[in-house]
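Since every read-out is calculated from the coordinates, none of them should be taken as a lab result. Predicted model only: the values in this text are computed from it and were never measured. Using ideal geometry, Cβ is built from the backbone for each residue, glycine included, and neighbour counts are taken over all protein chains shown.
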Amino acid sequence: MKLLEFEAKELFREEGIRVPKGLLVSKHEEILLHMDEIGDKVVVKAQVDVGGRGKAGGVLMADAANVVETARHLFHTPIKGVPVSRVLIEERLPIEHEYYVSIAIDRSNKQPVILFADAGGVEIEQTAKENPDAIRKVTFSPLLPDVPGFLLRELTGNAPAGVREMINKLYHVFCKKDALLAEINPLVTTPQGVYAADAKLIVDDNALARQGIAVNRDLTEREKEAEKHGFSYVELDGAIGVIGNGAGLTMSTLDLIEHFGGKAANFLDVGGGADQERVKYAVRLVAGMPAVKVIIVNLLGGITRCDEVARGIIEAGVEQEVIVRLAGTNEEEGRRLLAEKGYRMLGSMDEAVRAAVEVTA
Ligand code: GDP
Ligand code: MN
């Protein structure tokens, strides 16, 4: 789950990373009560989870005279379509230099990886494309409590020592908060020292309970529903709804859709031993996503009985066509029930997937 800037900065601050003094507001009028805390030069920042926020107009410079008006403007201006419900007013740092740093897990060698660039700021993506050598990279053993000093020097070159200290602290946050990504862009030098001017932290969804995060905000309403019912369910951006049982079968169904040139809208793994009620619920959930034009149900009957599955599909009675591939326990009875109601039940996974792709072509 992605944390917003002000949330990440709070965690950074706890670890001793210097962040600008800030005031979080959810109405521009609130600022009036705090004018004495606000300096003359401020940065007004929309708290939205949007890449390239600054370039999209979500980060504005202001002074004491127009800070309220500037915040009011942000509250009324969606950033890349995302409405702004909170705004962070921060002291404006006299920036000398902007660096980029991020920490993630390198999955290929199962180690933390740190990326660093001398030229940080809003153009970092451009730099990554046009001049990838300008971004330095180190990996090291996850068993070490600190980033080794020699690697920090290799990474940061001539940057001041405060930059290295901050990266090491960022690594501590990364570990303690079960992060998948911790990023400071820009990490800035000022006459008063080194600061994190921006902050990004993505917490591993599998660690939310340990981190005391009760709800995963990044989930859609349907994904939350599915989680409550114990289904593995993920939304994508195609038009084919996918229901399978078991991660392997569900994933290979997705692969086949891709293979035949289709795109899945979502997929749901009903798990083992799904009965009629669960199948009915699953079909309705998958069908409830407006992008879904056709649904493929690909189930292997073991403990799950094909006749129960067939009844669940029929009872769900969704608008979209449901194409079925069922094999295993009580397959004949399942086939008979579905045929009676005019469902297409295809013998192989290939045929079923191809049929679904054709519907969306
Ligand atoms: P992002 O676009 O969402 O990454 O927003 P940032 O918080 O990184 O801000 C974008 C840019 O605004 C930074 O790269 C800086 O150039 C500028 N900026 C942000 N905070 C300050 C500040 O305190 N002082 C100054 N001078 N510029 C700032
Ligand atoms: Mn930034």
Inset, instruction - Apply 1/(1 + (r/R0)^6) to the Cβ-Cβ distance of residue 220 and residue 252, taking R0 = 30 Å, and write down the FRET efficiency to the nearest 0.05. - result: 0.80
Inset, instruction - Might you report the magnitude of the Cβ-based charge dipole of the range 195-333 about its Cα centre, with Lys and Arg at +1 and Asp and Glu at -1, to the nearest 20 debye? - result: 240 debye
Legend entry - Order of 325, 222 under a 10 Å beta carbon neighbour criterion, fewest first: 222, 325
Legend entry - Summed residue charge, Cβ within 14 Å of residue 312's Cβ, Lys/Arg positive, Asp/Glu negative: 0
Legend entry - Principal axis box of the range 235-328, alpha-carbon based, largest edge first, Å: 31, 26, 17
Legend entry - Debye log10 I(q)/I(0) for the range 10-63, one point scatterer per Cα, at q = 0.13, 0.22 Å⁻¹: -0.40, -1.06
Inset, instruction - Find the relative contact order for the chain and round it to a whole percent, using C-alpha pairs within less than 8 Å whose residues are 6+ positions apart. - result: 13 percent
Legend entry - Residues with amide H under 5 Å from that of residue 92, placed H, sequence gap 5 or more: 41, 42, 43
Inset, instruction - Give the residue from 60, 99, 81 lying farthest towards the positive end of the charge dipole for the range 49-124; charges sit on Cβ (+1 for Lys and Arg, -1 for Asp and Glu) and the dipole is referred to the Cα centre. - result: 81
Inset, instruction - Summarise the long-distance tail of P(r) for the chain by giving the % of C-alpha pairs beyond 30 Å. - result: 53 percent
Inset, instruction - Enter the per residue convex hull volume of the range 1-116, computed from alpha-carbon coordinates, in Å³ rounded to the nearest integer. - result: 134 Å³
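Of all alpha-carbon pairs in the range 78-152, indicate the percentage at a distance above 18 angstrom.
It works out to 59 percent of all Cα pairs.
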Inset, instruction - Give, in nm to one decimal, the length gained when the segment between residue 206 and residue 34 is fully stretched (0.36 nm per residue of separation minus the Cα-Cα distance). - result: 58.0 nm
Inset, instruction - Scale the Cα Rg of the range 97-207 by the rule-of-thumb value 2.2 N^0.38 Å and send over the ratio, two decimals. - result: 1.01
Inset, instruction - Report, in deg cm²/dmol and to the nearest 500, the calculated mean residue ellipticity at 222 nm for the chain, where each DSSP H run with n ≥ 4 adds -39500 (n - 2.57) and the sum is divided by the residue count. - result: -9500 deg cm²/dmol
Legend entry - Contour minus Cα-Cα distance for residue 277 and residue 107 (0.36 nm per residue): 57.3 nm
